[in-house]
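The values are calculated or read from the model by the stated rules, or taken from the named source; none is laboratory data. Model, not experiment: these values are computed from the prediction. Heads up, the Cβs are rebuilt from the backbone with ideal geometry, glycines too, and the neighbour counts pull from every protein chain shown. Keep in mind that these areas ignore ligands, DNA and RNA; they rest on the heavy atoms of the full protein, side chains included. Shrake-Rupley method; radii C 1.70, N 1.55, O 1.52, S 1.80 Å.
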Amino acid sequence: MWTGLDIIPGSPDLVAANERHPDLAAALRELGQRYEEIGGVILVTPEFYDPGAFPVDGSDPLYEDHSHPGLENVGEVPARHWDGLPFLADTLQRTARQFGVPVALRETLLPVSAWAPLRLMFPTWVPMPLLPVGMTDLGPQNHYRFGLALRQAAIEAPKPIAILVATNLTQRQDMYSLDRQRLPREGRQFDETLLHAFETGNWEEFEQLDPVVRRKARPDQPDGRLWALIRGLSAGLKGDVLSYKETAGAWGMAVVHYEPPRQGSSAEDASVAA
């Protein structure tokens, strides 16, 4: 059973969120309380990558990556092991075939951009099994279909499953500076247009956005693969923006919640509605 879809920030800065981003930390904690009793989370992270197929890690347990530069500046952060969801990896392989997209079982370490917000949502006393999935070089249309496959896997699961996408909106690692808060003009335009698409389910304005603006706001995803995946996940739905923040002149970070369709609806129905 699919119980929720959320876009959450994907930033190593969230390791120190209580000091640097208390508003986002509060929004993530509140969101996590909705899911304390669920059976697990499908975690989409763009940092998990395979060139020829969508990577899926059905390992149990899962381990965090603590090698990110800058973590030493926030003090010692004890490692945490997370339970995996091997049964859901099997389901996803089947639904991916139904939607005509290739998946590959791969192992990964959870990047700090994913485990930092997850720790805010799910403290150590809330065991939360995870199925990490990632992205590939296959184009936007395949990412859209993979989004549909992900939600269908959650619908077919025997336990309540949430889908989380850990990513920033604007993301300019090269412009990061604690002396700045506002994004560049292109980043603000990009984020405003993207948030409108999340809230309304209408992606026309975003699709017509100047390619130069897209490239300057998100140079790692200029072809829109990530947003195509989210379009598949959210097809037919409207999101609720719970929190948004520009920070360090580099990142647009949002918490967006979607309520799934009634149980019994299918991703194929939603794709037609979209």
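Our summary gives the chain a relative contact order of 30 percent, counting only alpha carbon pairs under 8 angstrom and 6 or more residues apart.
Computed over the chain, the per-residue total of -39500 (n - 2.57) for DSSP H runs of n ≥ 4 gives a 222 nm mean residue ellipticity of -10500 deg cm²/dmol, rounded to 500. DSSP finds beta bridges in segment 53-185, and of those with both partners inside it, around 40 percent are antiparallel.
Percent relative contact order of segment 1-114, based on C-alpha pairs within less than 8 angstrom and at least six residues apart? Write out the running numbers ahead of the final one.
Working: 105 pairs, mean separation 41.8, N = 114.
It comes to 37 percent, rounded to a whole number.
Please get the size of the charge dipole for segment 96-209, origin at its Cα centre, with Cβ charges of +1 on Lys and Arg and -1 on Asp and Glu, quoted in debye to the nearest 20.
Numbers: 11 positive and 12 negative charges, 82 e Å.
Dipole about the Cα centre, nearest 20: 400 debye.
Think of each Lys and Arg Cβ as +1 and each Asp and Glu Cβ as -1; about the Cα centre, that makes the dipole of the chain roughly 340 debye.
For segment 125-274, a crude dipole built from +1 on the beta carbon of Lys and Arg and -1 on the beta carbon of Asp and Glu, taken about the Cα centre, is about 260 debye to the nearest 20. The label-point distance for E192 and D83, in a model that sets each label 7 Å from Cα toward Cβ, rounds to 4.5 nm. Of the residues G139, V15, G40, the one whose Cα sits farthest towards the positive end of the charge dipole of the chain is G139 (charges of +1 on Lys and Arg Cβ, -1 on Asp and Glu Cβ, taken about the Cα centre).
Placing a pseudo-label 7 Å from each Cα along the Cα-to-Cβ vector at E199 and Y63 gives an inter-label distance of 4.4 nm.
Of E246, E207, E19, the order by accessible heavy-atom surface (1.4 Å probe, DNA, RNA and ligands excluded), from most exposed downward, is E19, E207, E246.
The modelled label-to-label distance for the pair R215/Q173, using points 7 Å beyond Cα in the direction of Cβ, is 2.0 nm. Remark: segment 1-151 carries 40 Å² of accessible area per residue (probe radius 1.4 Å; ligands, DNA and RNA excluded). The order of T167, T124 by accessible area, most exposed first and with a 1.4 Å probe, is T124, T167.
In segment 1-80, what percent of the accessible surface is made up of carbon and sulfur (1.4 Å probe, ligands and nucleic acids excluded)?
Details: 1590 of 3430 Å².
Of the solvent-accessible surface of segment 1-80, carbon and sulfur hold 46 percent.
Taking every DSSP beta bridge that has both residues in the chain, what percent is antiparallel when rounded to the nearest 5? List each step's numbers first, then the result.
Details: 14 of 36 bridges.
Bridges in the chain that DSSP calls antiparallel: roughly 40 percent.
Scaling the Cα radius of gyration of segment 85-124 by the globular reference 2.2 N^0.38 Å produces a ratio of 1.53.
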